[in-house]
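Have a look at the structure below before the remarks.
The values are calculated or read from the model by the stated rules, or taken from the named source; none is laboratory data. Every value quoted in this text rests on a predicted model; they were computed, and no experiment measured them. No Cβ is skipped: glycine too gets one built from the backbone with ideal geometry, and neighbour counts run over all protein chains shown. Accessible surface areas use protein heavy atoms only, side chains included; no ligands, DNA or RNA. Shrake-Rupley method; radii C 1.70, N 1.55, O 1.52, S 1.80 Å.
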Amino acid sequence: MSTFLILIIIPLVVGIWAQIKVKGTYERYSQVGSRGRITGREAAAAVMAKAGIRDVQIVECRGTLTDHYDPRHKRLALSSANYRGTSLAALGVAAHEAGHAIQDAVEYKPLKTRMALVPVTTFASQLLPIVMFGGFLFAGPHAGMMIINMGILVYLILTIFQLVTLPVEFDASRRAKAELVNLGIVDRDEMVGVNKTLDAAAFTYVAAFISSLGWLLYFLAARR
């Protein structure tokens, strides 16, 4: 029980706390308008333009915090609140996604590695229901060991993916913070809101890594 508590329950609580933290921080600073009144779309375009990027399309997408950069189609998608909004949260998120576009343009190795891992990670994620509920579906010691071995493989892949994701996300935020100030989009004293928004978002990736690592260690312990 202590192993399950340390490796599974505590990381789960940390992950839930991280999601609540990022949502609360985003909602707080989405109510704080920037002095320059530049929209998220304009900020993303300016950050990419400075880097010489002209082939990335900026589009509006539905949802909240559904913002992402698609390197395959050279498309930067911003949720409506961040696409049209002028808040510190909107500018931070938009510049962060532009940071991913810059990573793609300069062939940032961790980003290329993450992209290469996407197919196998997607497949591993599809096996999660079997890993989680396989003990109820299959009987016998051999079936149990098969589920444990599958759990080790699946969470090894997910843990590696989450580990590679960390430098990608932290680097994108670093680029975003620097360019927002360098381009005069945000004043230095306004960066408090941007920093807190991006730092809270970054911690969700740390929590995801801890969770995957916890499950991996749990299955390794079960195999002994």
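About its Cα centre, the chain has a charge dipole of approximately 80 debye under the convention of +1 per Lys or Arg Cβ and -1 per Asp or Glu Cβ, with nothing else charged.
Take the Cα of Arg84, go 7 Å toward its beta carbon, and the backbone nitrogen atoms of the stretch 26-60 under 15 Å from that spot belong to 39-42, 59-60.
Heavy atoms only, probe 1.4 Å: what % of the accessible area of the chain goes to carbon and sulfur, would you let me know? Summing carbon and sulfur atoms, their accessible area is 62 percent of the total for the chain. Close lysine pairs were tallied over the chain: pairs 8 or more places apart or on different chains with Cα atoms under 26 Å apart number 15. Of all beta bridges that DSSP places with both ends in the stretch 12-144, some 45 percent have antiparallel geometry.
Excluding ligands, DNA and RNA, the accessible surface per residue across the stretch 25-152 is 54 Å² with a 1.4 Å probe. Which of rounded, prolate or oblate describes the stretch 167-209 when judged by the alpha-carbon gyration tensor and an a/c cut-off of 1.5? Because a/c hits 1.5 or more and a/b fails to exceed b/c, the stretch 167-209 counts as oblate. Using the Cα gyration tensor of the stretch 1-59, with a ≥ b ≥ c the square roots of its eigenvalues, what is the shape: rounded (a/c below 1.5), prolate (a/b larger than b/c) or oblate (neither)? Oblate, because a/c is 1.5 or more while a/b does not exceed b/c.
For Asp189, the solvent-accessible surface computed with a 1.4 Å probe is close to 100 Å², ligands and nucleic acids excluded.
When you filter the trypsin sites (Lys or Arg not before Pro) in the stretch 36-85 for DSSP loop state and at most 16 other Cβ atoms inside 10 Å of their Cβ, you are left with Arg37, Arg54, Arg62, Arg72, Lys74. Near Ser34, the amide H atoms lying under 5 Å from its own belong to Ser87, Leu88; only residues 5 or more places off or on other chains count, and H is placed 1.01 Å from N.
Taken about its Cα centre, the stretch 162-213 carries a charge dipole of roughly 100 debye when the Cβ of each Lys and Arg holds +1 and the Cβ of each Asp and Glu holds -1. Which entry is the computed Rg/Rh (Cα atoms, Kirkwood Rh) for this structure: [x] 0.93; [y] 1.05; [z] 0.98? Recomputing Rg/Rh (Cα atoms, Kirkwood Rh) here picks out [y].
Tell me the angle of helix 109-126 to the major Cα principal axis of the chain, expressed in degrees between 0 and 90 and rounded to the nearest ten. Tilt of helix 109-126: around 40 degrees.
Placing dummy labels 7 Å off each Cα toward the beta-carbon, the span from Met145 to Thr3 is 1.6 nm.
What number, in nm² with one decimal, is the all-direction average of the projected area of the convex hull of the alpha-carbon atoms of the stretch 105-224?
9.2 nm²
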